[in-house]
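Beneath this line is the structure, given in structure tokens, with notes to follow.
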Amino acid sequence: MNRPDAVYKTEREKFNAVAEEIIACNAAGQPVLVGTVSIEKSEQLSKLLKKRGVKHEVLNAKYHEREAEIVAQAGREAAVTIATNMAGRGTDILLGGNPDFLAKEILRRKGLDPSSAPAAAQQAAWEEARKVTDPEHERVVATGGLHIVGTERHESRRVDNQLRGRSGRQGDPGSSRFYLSLEDDLLRIFGAERIQRIMERLGMEEGEPIEHKLVTRAIATAQKRVETHNFEIRKHLLEYDDVMNKQREIIYGMRCEILEGESQEETIQEWIADLTAGLLDAYAPESAHPEDWDLAGLTEALHRHFELRIAPAEYKEVTSRDGLAEMVTTAVTDRYRQREREFGAELLRAMERREMLVVIDTQWKDHLLSIDHLKEGIGLRGYGQRDPLTEYKREAFELFQDMVERVKAAVIERLFKVQMVREVAFDVPGVTMWRETRESHGDTPSIARQASPAAPMRTPAGEKVGRNEPCPCGSGKKYKKCCYLKQTS
């Protein structure tokens, strides 16, 4: 049975009324489950009940191990349980107590572990528990079943219905009631002034509540407004996130191809063609006369991106824009094939994947930071009579396009400028190393010593002794720290 909401002027009056309701139910042996919106409210009510001498349990997500057990026994005779929204989920409340949990408690009192106790002991404990819970179930049903007390309305009706649904389960009786005050957040924001005027007009005294279906209906209307507002916020956020999700799918799809080892030769060639076309449009537009072309700037750009230099004499042979494009494209393609011959096709394909992955990751992180900065101020576009979402989509797309162009340019430039370094063994002059050692101790060797390095020691077989090899004298030290120092000192 769902009773009408009781509305009080102040929070103090409300909690006093809740405490009186709990005391009355407790005296009759009816179990009570109190729902609060926060841990602070649950502790406030707990202190009030302690002053009144009411034995109770508090669930506020602090005792994870005992939560299920406490909630399972919340239906026992005269039990009082205070719970926040997040506490005690996933456990059904049985009137008279849960025999399974009570059997475990009986086993623990006997010194047995419920998880490893013999089957006979478990069965005996369960039968003993049923002897307690079955008669108690009948007594609790006679008192009216589990009574639910809500200390405040939530913004979402779903949470209130979940709390109410704790009673009246499996055909058992139950009741529920919500206590509110004009100081509650929901009423303070929606309709508190109207309800307060009604209270003043009726001349209601302190501690006297309003109980009417119209008040309950007004509160439900306020909850609907909050739910609609929250829904619009989530919908708006989803529209913003869809923009980034599409970009994320493109980037992650490309990364997956690279990580799976697929050849990126076609993609690289497309990027080279795009970059070449962009340079031609920048320095030699089709609409411009050949005399207005910036050939010096084009030459410098080709060298910067492709390590390619075109002699000025070659430009003199070009008379049209198509001819210039063909010449530059051919030169860039030949340069790419030259790089392929230098490194080998397999190594170049691996380098392409690696460079693409490194550049994409770096640029994507910078892009995410730019998008975050864009989100922070995009709402201000509304003051200029422009839709912030439309502006966000447009600017986010432009930022993404700029990032893609940066990725293309950076990858191509790295591929054309990377150099292969072959390891070559060489001997470091011993005098230089000795001089650095002496200088580190504050002693600079004389010029004469630097000019006359000692002859290298040789093994009995006539082989030259390396600086890092064991010294032939048998000291166990390296040659450079033993006889070599004696010869040079």
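Descriptive notes on the structure:
- Listed residue pairs exceeding 24 Å between alpha carbons, taken from K246/K408; K235/K375; K14/K47; K47/K131: K47/K131
- Between the range 1-59 and the range 225-253, the alpha-carbon center distance in angstrom: 40 Å
- Multiplying the residue separation of M351 and S475 by 0.36 nm and subtracting their alpha-carbon distance yields 39.8 nm.
- Value of relative contact order over the range 249-417, rounded to a whole percent, pairs C-alpha under 8 Å and six or more apart: 30 percent
- Dmax and Rg, reported as Rg then Dmax, of the range 249-417 (C-alpha, Å): 19.4, 59
- Cleavage-rule hits, GluC sites (Glu not before Pro), the range 277-356, DSSP coil, Cβ neighbours within 10 Å at most 15: E286, E317
- Annotation for D361 and E128: the two label points, set 7 Å from Cα along the Cα-Cβ direction, are 6.2 nm apart.
- Computed on the range 77-165, with alpha-carbon pairs under 8 angstrom and 6+ residues apart, the relative contact order is 33 percent.
- Pairwise label distance in nanometres, T333 with I250, each label 7 Å out on the Cα-Cβ vector: 2.7 nm
- Annotation: amide H-H contacts under 5 Å for V318 (H modelled 1.01 Å from N, sequence separation of 5 or more, or interchain): none.
- Loop-located trypsin sites (Lys or Arg not before Pro) in the range 75-150 (DSSP state other than H, G, I, E, B) with a sparse environment of at most 15 neighbouring Cβ atoms within 10 Å: R89, K110.
- At an R0 of 45 angstrom, the distance between the Cβ atoms of D241 and R217 translates into a FRET efficiency of 0.80.
- All lysines inside 21 Å of K481 as judged from Cα atoms, apart from same-chain residues fewer than 8 positions distant: K464
Read the figures in this text as sums done on the coordinates, not as results from a lab. These numbers come from a predicted model, not from an experiment. Don't worry about glycine lacking a Cβ; one is built from the backbone with ideal geometry, like all the others, and counts go over all protein chains shown.
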